[in-house]
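Engineer: Shown below is the structure under consideration.
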Amino acid sequence: MTNQIMVKMALDAWNSQIKNGDDLLEKLSDEQLMTEVAPGRNRGIYLVGHLVAVHDRMLPLLGLGEQLYPQLNEPFLKNPDNAKAAMPSVKELRQFWKNINSTLADHFSKMQSDAWFQKHTSVSAEDFAKEPHRNKLNTILSRTSHLSNHLGQLVFLKK
């Protein structure tokens, strides 16, 4: 199996989950996203913000540029869901979701297959020499799984 085929399979899985997220967010109302996915669990708005923040941090991790929405790190990555915490509106988060995923798609479409097997920015050259699986493609694989997990939680908001 060539690097090109492996990259295509990983990106196809990523794009499929992004499409699932797009479709789900179209179906969920703002009111539904303000509710908990289950009693005592995260609200939909928090999960969407968390996914946007994680995807946004992929830009510097993959060496593709700076974050577009660093203001999301505090409420969605460093802290648990809190109904009293200041956070963007559902409308804003829906737009951020579209923007970050479009930005990533644009960058991904320009990357050569071999570039996916290079180290990401959070691993040192010494560690990468010992652990070459800590590459950009593996980041996509782990983020695809992460996305799928949280979309599975958001499905509980559908009525």
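The values are calculated or read from the model by the stated rules, or taken from the named source; none is laboratory data. Every value quoted in this text rests on a predicted model; they were computed, and no experiment measured them. All Cβ positions, even for glycine, are placed from backbone atoms using ideal geometry, and neighbour counts span all protein chains on display.
Engineer: Which ones in region 103-130 are in contact with a Lys or Arg (Cβ under 9 Å, 6 or more places away or on another chain), assigned to a loop (DSSP other than H, G, I, E, B) and not aliphatic (A, V, I, L, M)?
Structural biologist: Hits for region 103-130 are GLN118, HIS120, SER122.
Engineer: Would you be able to tell me the number of residues in region 62-91 that are in contact with a His (Cβ under 9 Å, 6 or more places away or on another chain) and assigned to a loop (DSSP other than H, G, I, E, B)?
Structural biologist: The number of residues fulfilling the criteria is 6.
Engineer: Here's another thing I want to ask about it. Looking at the structure I just gave you, is ARG143 assigned to a helix (DSSP H, G or I), touching a residue at least 40 places away in the same chain (Cβ under 8 Å), of a type in the set (Lys, Arg) and farther than 30 Å from MET1 by Cβ?
Structural biologist: Criteria not met by ARG143.
Engineer: Let me ask another. Exactly one of (1) surrounded by 12 or more Cβ atoms within 10 Å (Cβ to Cβ); (2) not in a helix (DSSP H, G or I) is unmet by MET1. Its number?
Structural biologist: (1)
Engineer: OK, next. May I ask you to say which residue of GLY40, GLY21 is more than 15 Å from the chain's Cα centre (by Cα) and among the small types (Gly, Ala, Ser)?
Structural biologist: Residue meeting the stated conditions: GLY40.
Engineer: Among the candidates ASP30, ASP106, which residue alone is in contact with a helix residue (DSSP H, G or I) (Cβ under 7 Å, 6 or more places away or on another chain), surrounded by fewer than 19 Cβ atoms within 10 Å (Cβ to Cβ) and of a type in the set (Asp, Glu)?
Structural biologist: ASP30
Engineer: Shifting gears a bit: Across region 25-50, what is the number of residues that are at pLDDT 95 or above and among the small types (Gly, Ala, Ser)?
Structural biologist: Residues flagged as at pLDDT 95 or above and among the small types (Gly, Ala, Ser) within region 25-50 amount to 3.
Engineer: Any residue at all in region 92-105 that's among the basic types (Lys, Arg) and farther than 29 Å from ASN42 by Cβ?
Structural biologist: Checking region 92-105: not a single residue is among the basic types (Lys, Arg) and farther than 29 Å from ASN42 by Cβ.
Engineer: Okay, next question. Determine whether region 74-88 contains at least one residue that is within 13 Å of the chain's Cα centre (by Cα), exposed (fewer than 15 other Cβ atoms within 10 Å of the Cβ) and closer than 17 Å to THR139 by Cβ. Before you say what the answer is, go through the steps one by one.
Structural biologist: Kept after step one, since they are within 13 Å of the chain's Cα centre (by Cα), are these residues of region 74-88: 76-77.
Now drop any that are not exposed (fewer than 15 other Cβ atoms within 10 Å of the Cβ), which leaves 77.
Filter once more, keeping what is closer than 17 Å to THR139 by Cβ: 77.
Yes.
Engineer: Any residue in region 63-82 that is more than 30 Å from THR35 (Cα to Cα) and polar (S, T, N, Q)?
Structural biologist: no
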